[in-house]
Each structure stands twice: as C-alpha cells, then as structure tokens.
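The values are calculated or read from the model by the stated rules, or taken from the named source; none is laboratory data. The shown structure was predicted, so the numbers you read here are calculated from the model rather than taken from an experiment. Glycine gets a Cβ as well: all are built from the backbone with ideal geometry, and neighbour counts include every protein chain shown. Please note that ligands, DNA and RNA were not included when accessible areas were found on the heavy atoms of the full protein model with its side chains. Shrake-Rupley method; radii C 1.70, N 1.55, O 1.52, S 1.80 Å.
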Amino acid sequence: DGGITQSPKYLFRKEGQNVTLSCEQNLNHDAMYWYRQDPGQGLRLIYYSQIVNDFQKGDIAEGYSVSREKKESFPLTVTSAQKNPTAFYLCASGFSRGRGETQYFGPGTRLLVL
Amino acid sequence: AQSVTQPDIHITVSEGASLELRCNYSYGATPYLFWYVQSPGQGLQLLLKYFSGDTLVQGIKGFEAEFKRSQSSFNLRKPSVHWSDAAEYFCAVVYNTNAGKSTFGDGTTLTVKP
C-alpha cells in the first residue's frame, strides 16, 4: 500500500527543546518537501530535497534542520531557535524531473508549544 | 518571484449551485498549475493539474479548471456542489525553471449551505 506517512499526528514541544517530525514515503519518489501551514495562510516551503544526501533551504528555513540519508525518509527537526513553532507541518514527495511534478502529501503533524 | 493569488478568502454556496474559485499566477515561464483540496486537519489531495495541451482539464470529484494564459488565471469550477465539497482549496504553480518548487496561494475556504 503505497503512500506517504507522517508521525506523530500531534507533537508537544517545551521551551528550548528540539523536536523531530518524521516523514516516510514508499512511492519511490526522488524529491521530498517540508511545508509549514499557519491558519488562514497557504503553505510555505521550509526545506526540500531532490536527491539523497542533498537538500536546499526553502523560504522559511531559519530554526529548522533536515537530513536525507535515505530516499524514503526526510525528517524535520524544529530547533529551539524557532521561536514560533506552533503550526501544522506537511511533508510531500514527488518525482523530480527538473520540471513541475505532482506532489503527494502526508496527513500532517500539528506541533504545539507547552 | 513567482506568486499565486486566490482573491476569495471565503466562499459560501448552496448545495446544488455552481462553483468557481479563482486563481491568478504571476507571469513567468511556462507554468505548471495545480489545484489541491484540504479537509480540516488533513493533508492536501490533488484535484487536477495542467501541464500542457487542452486548456480545460478535468479532475476528480467532478471538478474542472481552465487555463487562460492571457488572463494568467486557472479557475476551478464545479457545476453542482455537494455538501462534502466543503473544505479549503489551494491553487499552486510551478515554473519549469525553478527546480520543481511549488508556490501555493493562501487558499479559499468553501462553505456549503444545505
């Protein structure tokens, strides 16, 4: 059963704590993306990766970090430097062919600050 | 920079009425255009996409969209709305010169009256 999964569904972060959001896909997609969604706003790109062991900053990368050690996995760490982390985080994947491709989205993780 | 505008933040229609959601994109290289739908607390689901060819594209759930280059628009339509269509709708654009990165509009929330 192919798809893209995110865990956990809800995540609570204490002040000064780093937390990691998981994103896994078994669609054999080359590209993976992390977006942040705030109420009343569209999706803003945090980081993206077109191939394994390579990733680029998106529009709002400050306070976040990622890794891409495996094709299937693209975890996002929200660091203590991110002062306003409360948001809905969406991971997506797609085939990377140097042009636009359809992105497939996971169900999202809602991050809340205690 | 590429941008996407969805002029209507919120639209209310009666069940069975027709629907049109507007989307305008900034002029640039050949655009690839997408419409996604998001139910509360969920990820995004692709409704339809335009890459090239026929400017009227059909999607899932009875939706269609028309690409009009002269107006830089890609409006989403449905002839008869069902209560289950209530959701948030996002338009997205990718330019083939931008490594597949998507830019999303801020979304339009659709409410369906019985």
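A quick yes/no check of all residues on (1) without any contact (Cβ under 8 Å) to a residue 24 or more places away in the chain; (2) under 25 Å from residue B:103 (Cβ atoms):
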| residue | (1), (2) |
| --- | --- |
| A:6 | no, yes |
| A:37 | no, yes |
| A:58 | no, yes |
| A:70 | yes, no |
| A:79 | no, no |
Quick one: in region B:22-38, which of the residues that are open to solvent by 10 Å² or more (accessible area, probe 1.4 Å) and at the interface with chain A (Cβ under 10 Å from one of its Cβ atoms) is modelled with the highest pLDDT? B:38
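Yes/no per residue for (1) within 11 Å of the chain's Cα centre (by Cα); (2) open to solvent by 50 Å² or more (accessible area, probe 1.4 Å):
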{"residue": "B:51", "(1), (2)": "no, yes"}
{"residue": "B:54", "(1), (2)": "no, yes"}
{"residue": "B:59", "(1), (2)": "yes, no"}
{"residue": "B:103", "(1), (2)": "no, no"}
{"residue": "B:113", "(1), (2)": "no, yes"}
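Hey, any hits in region A:39-57 for a residue that's of a type in the set (Ser, Thr, Tyr) and either closer than 11 Å to residue A:111 by Cβ or touching a helix residue (DSSP H, G or I) at 6+ places or on another chain (Cβ under 8 Å) (or both)?
Taking region A:39-57 first, the residues of a type in the set (Ser, Thr, Tyr) are A:47-49.
Next, only the ones that are either closer than 11 Å to residue A:111 by Cβ or touching a helix residue (DSSP H, G or I) at 6+ places or on another chain (Cβ under 8 Å) (or both) stay: none.
No, region A:39-57 contains no residue that is of a type in the set (Ser, Thr, Tyr) and either closer than 11 Å to residue A:111 by Cβ or touching a helix residue (DSSP H, G or I) at 6+ places or on another chain (Cβ under 8 Å) (or both).
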Could you tell me whether any residue of region B:3-11 is of a type in the set (Asp, Glu), open to solvent by 60 Å² or more (accessible area, probe 1.4 Å) and either more than 23 Å from residue A:105 (Cβ to Cβ) or in a loop (DSSP other than H, G, I, E, B) (or both)? no
Among strands (runs of 3 or more DSSP E) entirely within region B:53-114, at least 2 residues that are under 28 Å from residue A:33 (Cα atoms) and away from chain A (no Cβ under 14 Å) occur in B:64-68, B:73-78
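Look through B:80, B:14, B:73 and report the one residue that is touching a residue at least 40 places away in the same chain (Cβ under 8 Å), surrounded by 16 or more Cβ atoms within 10 Å (Cβ to Cβ) and of a type in the set (Ser, Thr, Tyr). I'd like the intermediate steps shown before the answer.
Numbers: B:80 fails: surrounded by 16 or more Cβ atoms within 10 Å (Cβ to Cβ); B:14 fails: surrounded by 16 or more Cβ atoms within 10 Å (Cβ to Cβ).
Of B:80, B:14, B:73, the one residue that is touching a residue at least 40 places away in the same chain (Cβ under 8 Å), surrounded by 16 or more Cβ atoms within 10 Å (Cβ to Cβ) and of a type in the set (Ser, Thr, Tyr) is B:73.
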State whether one or more residues within region A:66-81 are modelled with pLDDT of 95 or more and among the small types (Gly, Ala, Ser). yes
Residue that is in contact with an Asp or Glu (Cβ under 6 Å, 6 or more places away or on another chain), open to solvent by 30 Å² or more (accessible area, probe 1.4 Å) and under 27 Å from residue B:91 (Cα atoms), where the choices are A:55, A:95: A:95
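Is it the case that residue A:38 is over 21 Å from residue B:35 (Cβ atoms) and of a type in the set (Asp, Glu)? Show your work before the answer.
Details: over 21 Å from residue B:35 (Cβ atoms): no; of a type in the set (Asp, Glu): yes.
No; evaluated as a whole, the condition is false for this residue.
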Looking at (1) surrounded by 13 or more Cβ atoms within 10 Å (Cβ to Cβ); (2) assigned to a loop (DSSP other than H, G, I, E, B), can you tell me which one residue B:45 breaks? (2)
Considering A:22, A:7, which residue is touching a Leu at 6+ places or on another chain (Cβ under 9 Å), more than 10 Å from chain B (Cβ to nearest Cβ) and open to solvent by 50 Å² or more (accessible area, probe 1.4 Å)? A:7
